[in-house]
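Enquirer: Below is a structure I'd like to ask you about.
The values are calculated or read from the model by the stated rules, or taken from the named source; none is laboratory data. Owing to the predicted nature of the structure, the values given are computational and were not obtained by experimental measurement. Cβ placement follows ideal geometry from the backbone for every residue including glycine, while neighbour counts extend to all protein chains displayed. Each accessible area value is taken on the protein alone, full model and side chains, heavy atoms only, with ligands, DNA and RNA left out. Shrake-Rupley method; radii C 1.70, N 1.55, O 1.52, S 1.80 Å.
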Amino acid sequence: MASDLNKTLSQTYIGLQLWVLIVIGLAVVFLVILGISLWLSFRKKSRKANDMLPVRQAPYIPEEIKEISIDQVSANNGGLNTLNDKFSDRDSEKVLFNVDNGDESGQSGSFNHVEKDVKGSQPGEEGGTGEVSTYRPSSHPLTAPSPLSGLPEFSHLGWGHWFTLRDLHLATNRFSKDNVIGDGGYGVVYRGNLINGTPVAVKKLLNNPGQADKDFRVEVEAIGHVRHKNLVRLLGYCIEGTQRMLVYEYVNNGNLEQWLRGDMCHKGYLTWEARIKILLGTAKALAYLHEAIEPKVVHRDIKSSNILIDDNFDAKISDFGLAKLLGDGKSYITTRVMGTFGYVAPEYANSGLLNEKSDVYSFGVVLLEAITGRYPVDYGRPQPEVNMVEWLKMMVQLRRSEEVVDPNIETRPSTSALKRALLTALRCVDPDADKRPKMSQVVRMLESEEYPIPREDRRRRRNQAVNSDADPQRKNSDADRSDDPDSRLGI
Ligand SMILES: Nc1ncnc2c1ncn2[C@@H]1O[C@H](COP(=O)(O)OP(=O)(O)OP(=O)(O)O)[C@@H](O)[C@H]1O
């Protein structure tokens, strides 16, 4: 048997013995396998190296903020996979704004309620007729066609769309002055249209090599990988030489500041319901940034002009140029306080201490702006009214809260709705950052039908008070407690 095998292996084929041929064959197979695996691992490494920007970790979603949507980047096609869609469309059932009939139809002084039919018409178009049409929410944002469809799918960051300078030249008509929609210290924002017809806002960062790169990374890291109905969507970017540009979905209905006091006032004034809807959307997006993703994102510049509004009167938070990524439970101390005067939380302004509670404070200021229609700081007003937050606290203390409502709101809110909004706002602007609610709690307070605040939140706050009474360091004096919004609003 063994001698048969020896004989077979010793036979000669093409000048070589069979056993030599077998050894050569095995060596070739081994080398091919080795080559393939080396090539695969090299490809993986070089792909990682190309991803200059860190990819966000799989998001952790706390129970209390279930209603959010999160998308993850699909590495292959740059598309976005929905994990869940939680903050529901429940709030987009109906929106009203008062249209100035004086402007639209020549009859001065009177206002009509108009419910907009989103399909095909712009808010304000039907104002003069006083018609009421049915409002229907537009198609679900995550099933709607992608604004990037029809464009070649390509991104070297593993996210979004990589536009060439030429693409953006074409989109903005060579960055024409007529297309400028904003100009700031960071650069210029242009309106444009992609070749597939999608309207976009192009932020062209100042051509200042170090700074442009930094600003670019901050925005991309903050919102490049996330998607939420109430966050402006970053569609892509352009990196060419020292040029850095960011391409956003275009949000076509102005910003909250313009609706309260600026360019959009000619269309009419926002109703109470529309204001609460916009603030609720803003609160949901902040809850998402603070509580649903890791690392969390602190926006640092929440203000009414950074809350864009779409046709459905849904809010979209924009301008992440100052955003900061923070690990779970982390705070950050900075010597350079950034933000906008009137919106910055006192502990951040005074000591540079930053965490998500700074955004909660700024949100409270915006909510008060929406309730009163006033500027956060207005030197044109009598001294006690210059600082809106202080004036409001005083009015509530004097039990004159009914007087603070923006006189431009034609149909005043019910007393309970007003108190609920005021109480929520005053809690957000609590000088003690630890006492401010989390944004998911703010969402619950604003959504609640229960007067004035969900029982569960009241219980939590009462327990907090008991605990701080037990702690001599945090024990409030009676005078301090008179500053508590609950007691001031008679709750
Ligand atoms: N995606 C967008 N769609 C439509 N308009 C936008 C978009 N992004 C920004 N804008 C508008 O462009 C203008 C400039 O915006 P940006 O947030 O960059 O600066 P700003 O709010 O004017 O100044 P600041 O830097 O002080 O916040 C604003 O009027 C804003 O409403």
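Enquirer: Order D215, D314, D167, D183 by their accessible area, 1.4 angstrom probe, all chains in place, largest first. Walk me through the intermediate numbers first.
Expert: On the way: D215 30, D314 10, D167 55, D183 120 Å².
Largest to smallest exposure gives the sequence D183, D167, D215, D314.
Enquirer: Let me ask something additional. Just to check, using Stokes-Einstein with a Kirkwood Rh over alpha carbon pairs, what's the diffusion coefficient of region 254-454 at 10 °C and 1.306 mPa s in µm²/s?
Expert: 94 µm²/s
Enquirer: What is the set of long-range amide H partners of R244 at a cut-off below 5 Å, with H atoms built 1.01 Å from backbone N?
Expert: Those qualifying (amide H under 5 Å, at least 5 residues apart or on another chain) are L205.
Enquirer: May I ask for log10 I(q)/I(0) of region 161-249 at q = 0.12, 0.21, 0.23 Å⁻¹, from a Debye sum over the Cα atoms as equal point scatterers with solvent left out?
Expert: For region 161-249, the Cα-only Debye profile gives -0.32, -1.03, -1.23.
Enquirer: Which pairs in the list K229/K357; K177/K203; K204/K284; K303/K357 are over 20 Å apart, alpha-carbon to alpha-carbon?
Expert: K229/K357; K204/K284
Enquirer: Hey, rough spin-label estimate for D311 and I14, points 7 angstrom out along Cα→Cβ, what's it come to in nanometres?
Expert: 7.0 nm
Enquirer: Which net charge results when you count Lys and Arg as +1 and Asp and Glu as -1 among the other residues whose beta-carbon is under 14 Å from that of G192?
Expert: In short, +3.
Enquirer: Could you compute how fast region 267-366 diffuses translationally, taking Rh as the Kirkwood radius over C-alpha pairs and applying Stokes-Einstein at 25 °C with viscosity 0.890 mPa s? Give it in µm² per second.
Expert: It diffuses with D of about 175 µm²/s by this estimate.
Enquirer: Quick one: Karplus J couplings for region 273-290, per residue in order, coefficients 6.51, -1.76, 1.60, θ = phi - 60°, nearest Hz, x for Gly and Pro?
Expert: Each residue's phi maps through the Karplus curve to give 4, 5, 4, 5, 4, 5, 5, 5, x, 4, 5, 5, 5, 5, 4, 5, 5, 7 Hz.
Enquirer: Roughly to the nearest percent, how much of the accessible area of region 254-454 is carbon and sulfur, given a 1.4 Å probe? Please report the intermediate quantities before stating the final value.
Expert: On the way: 3400 of 6940 Å².
Reported share for carbon and sulfur atoms: 49 percent.
Enquirer: Take E385 and T335, extend 7 Å from each Cα along the Cα→Cβ direction, and tell me the distance between the two endpoints in nm.
Expert: Using points 7 Å along Cα→Cβ, the separation is 4.2 nm.
Enquirer: On to the next question. Would you kindly derive the ³J(HN,Hα) couplings of region 402-409 from the backbone phi angles with the Karplus curve 6.51 cos²θ - 1.76 cosθ + 1.60 (θ = phi - 60°), listing them in order in whole Hz, with x for Gly and Pro?
Expert: Those phi angles translate into 5, 7, 8, 5, 3, x, 6, 7 Hz.
Enquirer: If you take the beta carbon distance between R261 and E402 as r and set R0 to 22 Å, what does 1/(1 + (r/R0)^6) give as a FRET efficiency, to the nearest 0.05?
Expert: 0.50
Enquirer: If we count every other residue with Cβ under 11 angstrom of P376's Cβ, Lys/Arg +1 and Asp/Glu -1, where does the sum land?
Expert: On the way: positive: K303, R374; negative: E257, E369, D378, E390.
After counting each charged neighbour, the total is -2.
Enquirer: For R233, list long-range residues whose amide hydrogen, built 1.01 Å from N in the peptide plane, is under 5 Å from its own amide hydrogen.
Expert: Hits under the 5 Å cutoff: E249.
Enquirer: Rounded to whole Hz and in sequence order, give me ³J(HN,Hα) for region 423-434 from the Karplus expression 6.51 cos²θ - 1.76 cosθ + 1.60, θ = phi - 60°, writing x for Gly and Pro.
Expert: Once rounded to whole Hz, the list reads 4, 4, 5, 5, 5, 5, 9, 4, x, 8, 4, 5.
Enquirer: What FRET efficiency do you get for I195 and L34 if R0 is 41 Å and r is their Cβ-Cβ distance, rounded to the nearest 0.05?
Expert: Details: r = 46 Å, r/R0 = 1.12.
Calculated value: 0.35.
Enquirer: Assuming a ≥ b ≥ c are the square roots of the Cα gyration tensor eigenvalues, decide whether region 275-324 counts as rounded (a/c under 1.5), prolate (otherwise, with a/b larger than b/c) or oblate.
Expert: Here region 275-324 falls in the oblate category.
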